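What follows is a set of notes on a single structure, which appears directly below.
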Amino acid sequence: MAKYTDSACRVCRREGTKLFLKGDRCFSGKCALTKRPVAPGQHGTGRKKVSEYGLQLREKQKTRKAYGLLEKQFRLNFDKAEKMKGATGVNMLILLERRLDNVAYRMGLASSRAQARQLVNHAHLTVNGHTVNIPSYIVKAGDVVAVKETRKNREYFKKLAETKKLNLPKWLDFNMDTLEGKVLALPEREDIDLSIAENMIVEFYSR
């Protein structure tokens, strides 16, 4: 499957905001956006007049890259959200939050969504006792997400069990001692901490 292989830090600089693609590095003084808060490239410091279409495109690209999706995957989520009851933009963001790789990231099993996706791909996690290796798997309220019993003795998870997860979303619960968590409820719009103008994404796809 195709994937983005360029520098993740360039993505944050291009979008002009932290997307937390590099885990702990994003919170340190090494953050590229903190050191060079301009768009990459020789024209990054120039002032440009951006059209309405351009603003909508950037908002869509920012959201897509924050969750680490390709355009086809992102559009499929939008199409699915459009068929659901309620506001399309909010539905789309909630679907993105309910992806298993994002849930693993939110529970503190990984320092970035990319790392969480790798954990899922390598079949380290279970949902309701069954191994799931599909990052796009959509969790439901009441689902139990845990590290597979046979993987808990690995060095990575041993170190993880010694840490404490901070800022756990209210719709999730996680026990670092047992490496097991639960989806308490479906996320709501206010639970999504990324700065996203979802109405602009809806307008972009509605053109």
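Values quoted throughout were computed directly from the atomic coordinates according to the rules given, and no laboratory measurement underlies them. Small disclaimer: the values here were computed from a predicted structure and weren't measured. So basically every Cβ, Gly included, is an ideal-geometry build from the backbone, and we count neighbours across all protein chains shown.
Which ³J(HN,Hα) values in Hz, rounded to whole numbers, follow from the phi angles of the stretch 94-101 under the Karplus curve 6.51 cos²θ - 1.76 cosθ + 1.60, where θ = phi - 60° and Gly and Pro get x?
Once rounded to whole Hz, the list reads 5, 4, 5, 5, 7, 4, 4, 5.
In which sequence would VAL50, VAL90, VAL147 go, from the one with the fewest C-beta neighbours within 10 Å to the one with the most?
With the sparsest Cβ surroundings first, the list reads VAL50, VAL90, VAL147.
For LYS182, list long-range residues whose amide hydrogen, built 1.01 Å from N in the peptide plane, is under 5 Å from its own amide hydrogen.
VAL145, ASP173, PHE174
Can you list residues from other chains, or at least 5 along the same chain, whose modelled amide H is less than 5 Å from the amide H of LEU125?
VAL132, LYS148
Give me ASP191, ASP177 sorted ascending by neighbouring Cβ count inside 10 Å, so fewest comes first.
So the ranking, lowest neighbour count to highest, is ASP177, ASP191.
Suppose R0 equals 35 Å. What FRET efficiency, 1/(1 + (r/R0)^6) with r the Cβ-Cβ distance, do ASP173 and GLN73 give to the nearest 0.05?
0.80
Rounded to the nearest 0.05, what FRET efficiency is calculated for LYS85 and THR131 with R0 set to 41 Å and r the Cβ-Cβ distance?
After rounding to 0.05, the efficiency reads 0.80.
Which entries in the list LYS48/LYS80; LYS49/LYS83; LYS85/LYS170; LYS49/LYS170; LYS83/LYS182 go over 30 Å, if you measure between the two C-alpha atoms of each?
Pairs exceeding the cut-off: LYS48/LYS80; LYS49/LYS83; LYS49/LYS170.
Taking the Cα centre of the stretch 99-186 as the origin and placing charges on Cβ (Lys, Arg +1; Asp, Glu -1), which of VAL147, VAL120, PHE174 is farthest toward the positive end of the dipole?
Of the options given, the answer is VAL120.
Can you run phi through the Karplus equation (6.51, -1.76, 1.60; θ = phi - 60°) for the stretch 184-201 and list ³J(HN,Hα) in whole Hz, with x for Gly and Pro?
Karplus-based 3J(HN,Hα) across the stretch 184-201 equals 6, 7, 7, x, 10, 4, 6, 7, 8, 8, 6, 7, 10, 9, 4, 5, 6, 5 Hz.
Would you mind ranking SER206, SER111, SER195 so that the residue whose beta carbon has the fewest other beta carbons within 10 Å leads the list?
The order, fewest Cβ neighbours first, is SER206, SER195, SER111.
On each of the three principal axes of the Cα atoms of the stretch 99-186, give max minus min coordinate, whole Å, ordered largest first.
31, 25, 23
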